[in-house]
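See below for the structure under consideration.
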2 protein chains.
Amino acid sequence: MDAAELDAADPLAPARARFVLPDGVIYLDGNSLGALPGPVADRLRDVVTRQWGRDLVRGWNDDGWWAAPERIGDRVGTLIGAAPGQTVAGDSTSVQLFNALTAAVRLQESREAGRDGVIVTDAGQFPTDGYLADSVGRLLGREVVRTPDPYAALRRGDVAVLAWSTVDFRTGQLWDTGGLTRAAHDAGAVVVWDLCHAVGAMPLHLDRDDVDLAVGCTYKFLSGGPGSPAFIYVARRHQDRLELPLTGWNGHAQPFAMEPGYQAAPGIARGRIGTPPMLSMLALDAALDAFDGIDLAAVRAKSLRLGEFFIAGADEAGFEVITPRAPERRGSHVSLRHPDALPVMAALIEAGVIGDVRPPDVLRFGFNALYNSFGDLARALEVLGEVLASGRYAEARFQVRPTVT
Amino acid sequence: MDAAELDAADPLAPARARFVLPDGVIYLDGNSLGALPGPVADRLRDVVTRQWGRDLVRGWNDDGWWAAPERIGDRVGTLIGAAPGQTVAGDSTSVQLFNALTAAVRLQESREAGRDGVIVTDAGQFPTDGYLADSVGRLLGREVVRTPDPYAALRRGDVAVLAWSTVDFRTGQLWDTGGLTRAAHDAGAVVVWDLCHAVGAMPLHLDRDDVDLAVGCTYKFLSGGPGSPAFIYVARRHQDRLELPLTGWNGHAQPFAMEPGYQAAPGIARGRIGTPPMLSMLALDAALDAFDGIDLAAVRAKSLRLGEFFIAGADEAGFEVITPRAPERRGSHVSLRHPDALPVMAALIEAGVIGDVRPPDVLRFGFNALYNSFGDLARALEVLGEVLASGRYAEARFQVRPTVT
């Protein structure tokens, strides 16, 4: 089937109308920053002018600001297979990772007295995960082991925490959350999943898979806006003995008693830290409306078809595809290797096709099944072909590295 | 002079027009959440619809999102006596405190080999400061000492870090930043100031006072919006050896090189953590316009006069004023003790006068010299008198404790 036929048969095609997409742009970077969902602008205006402007400090009660992190956390929970009361929104993924990793080491420590195990993390994962693991390792006196093979690492027998990314940010490789969690548990380790490149792109089953802790961002496939709050998931069985290091007053059992000593709130509320950035938080809330009534199985099915379609085109054009081809090992972006990745992407963006680059030589194209069409991908492949065939990308103006790519 | 005369003579009176204040409300809780500055709503709409909606991920470069934390940090810097390049905006005060306290202990450790000193903090300060000090103490194996008398504590001779609040959130007591910093340095300690209840209400002189580290929030006197990003100040002399524990990728020397190991950015950029909540960040940016051309000495002068005016009225009404009367020891809010503080404030709010309560028995009234008038205060005192005289506050509907007060 060609792109037009695939689009005609796409049950998710109507979801595109839930987003505001600019004319003349094919947007394949929703895995970095998702497109703007329709309801956000008006909702945020109401938050600013009516809630903040008129209700002032009363907004914390009257407009539900105080409860927003748990309420929005639960909305995210429905997209990751988490029953209510286990997910809370706030802070950045980096901050959540620090909190989760520290708590995970302590959790494992408390149940395996005398063990002094290592933190195992993904050699190819997003850098911040490794940086935070190193920082936590330094503070708690634990070695950090980076490996491409978590199953082999678990056989060391001294793994306290396995911190892994569901989808590799560079290659798009998808890991088996359930299988790897089981293997970690069999080895006596606590798992911390980084869901950044998976949440919103596929069904996840954190409860079913017996995951301990997870974090994720909301500005990629969830389209929550630039730097929208991250989230943390804490399995209910761990909540009441979880000792998070970021003991901000929002996570206190009685935050308004203003007590001198910290007593963590029962339940997921202890995952709260300081006062959350409410405008970004409520923009995320509005953005999540884009998922109302959407079946994540359908999202995943379309995402895989989009990936297949793109890979077929990339194969035809002679690209080296570094993303796994097997559907069960593939997330929702496809990466191509090209020695001139940076200028090629710069020329592509100038021509209206937005993807991104990961150093040194990876062209990355993300597919959001809610708003990307097969037609988008066909046109992107066509423009990519033109950019390469013309050699235009070699022009000087494309050699400049932007701050952010 | 009566309120009308004082208002007529107020050089800051025109600044009130920079804010959107609802009719029928006297707002004396800007020390909890500042009122809405005029430019925010339209600016944020542009950020959402044009920058995010149209520019999409290109906003990080084209709309200056990437540079926003340092740029906005420098704007805050002008209000705290910090030369450019020492202040960065982001995260919550709690997160910034954790980062600053940990780094402060390490800083002191690195220069005083073999010392294993304590963290001294304010017994009466905002709880999150104590909670985070405890958490850092636990991670780094340092005792935390809470004291009402920092000068006495410094005489212990084993103080690694003095973490203190410029203005006490409960009583409104103002501390001498310069004097206490000098005393701490004489004792070999590193200082971390919490500026939450001072920034925007008075001139601060962090560079002149030789402060080491400081954090603060922007949603009180800076009116940045609910949960708007906090900031951290790091004196230039410490920056390049500061070892912050929250090693998020935004603070890396080459964030887009995606290197596996963390190398802190030179300068204040290392104070960045994860991807910042850009909508809240840019709302703060717009809000700071309210301070354009404003002389903080004039703000302080009016704030003190507002305080005097209010204290005089409270004295007349027979209240116990727990805020210090000496101008040099008084911040920008005044606290009254009343055994029925909670229902009294509930009744007051119903009558259109918004202050807040701090447990167990403190009525708190904050004065923002940019938008509060002497007329506001006269009316607030009048309503307070009515509420008390009528005994109305004893009615059942005022006994219910809201989630947030």
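We did not get these values from a lab; they are worked out from the coordinates using the rules stated. On a predicted model such as this, the values are computed, not experimentally measured, just so you know. Positions of Cβ are generated from backbone atoms using ideal geometry, with glycine treated the same way; all protein chains shown enter the neighbour counts.
Here the sum of -39500 (n - 2.57) over DSSP H runs of 4 or more residues, divided by the residues of the protein assembly as shown, equals -10500 deg cm²/dmol at 222 nm, to the nearest 500. Considering only beta bridges that DSSP places wholly inside segment A:45-291, some 35 percent are antiparallel. Label-to-label distances for B:D149 across copies, nearest first, come out at 6.5 nm, using points 7 Å from Cα in the beta-carbon direction.
For segment A:45-291, build the convex hull from the C-alpha positions and give me its volume per residue in Å³.
Taking only Cα atoms, segment A:45-291 has a hull volume of 117 Å³ per residue.
Dipole size of the protein assembly as shown about its Cα centre, with +1 on Lys/Arg Cβ and -1 on Asp/Glu Cβ: approximately 780 debye, rounded to the nearest 20. For B:R337, inter-copy separations between label points set 7 Å beyond Cα along the Cβ vector come to 7.4 nm, shortest first. Pairwise Cα separations in segment B:254-359 fall into 10 Å bins from 0 onward with the following percentages, short to long: 11, 24, 23, 21, 13, 7, 1. Spatial offset of segment A:332-405 relative to segment B:320-363 amounts to 59 Å, using the alpha carbon center of each. Segment A:S390..A:D315, full-extension length gain: 25.1 nm, with 0.36 nm per residue of separation and the alpha-carbon distance subtracted. In percent, rounded to a whole number, the relative contact order of segment B:300-370 is 32, using alpha-carbon pairs under 8 Å and six or more apart. For peptide A:268-276, the mean count of partner chain Cβ atoms within 10 Å of a residue's Cβ comes to 4.
Pairwise alpha-carbon distances in segment A:184-252 exceed 21 Å for 35% of all pairs.
Direction-averaged shadow area of the convex hull around the Cα atoms of the protein assembly as shown, nm²? Can you show the working numbers first?
Values: hull surface 133.4 nm².
Seen from a random direction, the Cα hull of the protein assembly as shown projects 33.4 nm² on average.
Segment A:1-69 and segment B:211-288 have Cα centres lying 27 Å from one another. Dipole size of segment A:45-291 about its Cα centre, with +1 on Lys/Arg Cβ and -1 on Asp/Glu Cβ: approximately 180 debye, rounded to the nearest 20. Exposed loop sites are taken as GluC sites (Glu not before Pro) in a DSSP loop (any state but H, G, I, E or B) with at most 14 other beta carbon atoms within 10 Å; the longest stretch of chain B without one runs B:144-394.
Give me a single rounded figure for B:131-138: the average over its residues of other chain Cβ atoms within 10 Å of their Cβ. Write out the running numbers ahead of the final one.
On the way: counts 12, 8, 2, 4, 8, 3, 0, 4.
For peptide B:131-138, the averaged partner shielding equals 5.
Projected label points at B:D176 and A:Y151, each 7 Å from Cα along the beta carbon direction, are separated by 6.9 nanometres. Multiplying each eigenvalue of the alpha-carbon gyration tensor of segment B:60-126 by 5 and taking the square root yields semi-axes of 30, 15, 12 Å, largest first, rounded to whole angstroms. How well do other chains shield peptide A:14-20, expressed as the mean number of their Cβ atoms within 10 Å of each residue Cβ? Per-residue shielding by partner chains comes out at 1.
Using only Cα atoms, what is the ratio of the radius of gyration of segment A:338-380 to 2.2 N^0.38 Å? Walk me through the numbers before you get to the answer.
Working: Rg = 10.9 Å, N = 43, 2.2 N^0.38 = 9.2 Å.
Here the answer is 1.19, to two decimals.
Return the loop-located trypsin sites (Lys or Arg not before Pro) in segment A:116-194 (DSSP other than H, G, I, E, B) with at most 16 other Cβ atoms within 10 Å of their own Cβ; answer none if there are none.
Working: sites: A:R138, A:R142, A:R146, A:R155, A:R156, A:R170, A:R182; in loops: A:R142, A:R155, A:R156, A:R170.
Of the trypsin sites (Lys or Arg not before Pro), the ones in loops of segment A:116-194 whose Cβ has at most 16 other Cβ atoms within 10 Å are A:R155, A:R156.
Label positions at B:D186 and A:D46, each projected 7 Å from the Cα along the C-beta direction, are separated by 5.9 nm.
With label points defined 7 Å past Cα in the direction of Cβ, position A:R325 shows copy-to-copy spacings of 8.6 nm, given to one decimal and shortest first. Comparing B:R16, B:R111, B:R236 in a Gaussian network model of chain B (Cα springs below 10 Å), the most mobile by mean-square fluctuation is B:R111. Build a GNM of chain B with springs between Cα atoms under 10 Å: which of B:A41, B:A68, B:A103 gets the top mean-square fluctuation? Looking only at B:A41, B:A68, B:A103, the biggest GNM fluctuation is shown by B:A41.
What the pair-distance distribution of segment B:20-156 shows, using all Cα-Cα distances binned every 10 Å from zero, is 10, 23, 29, 22, 13, 3, 0 percent.
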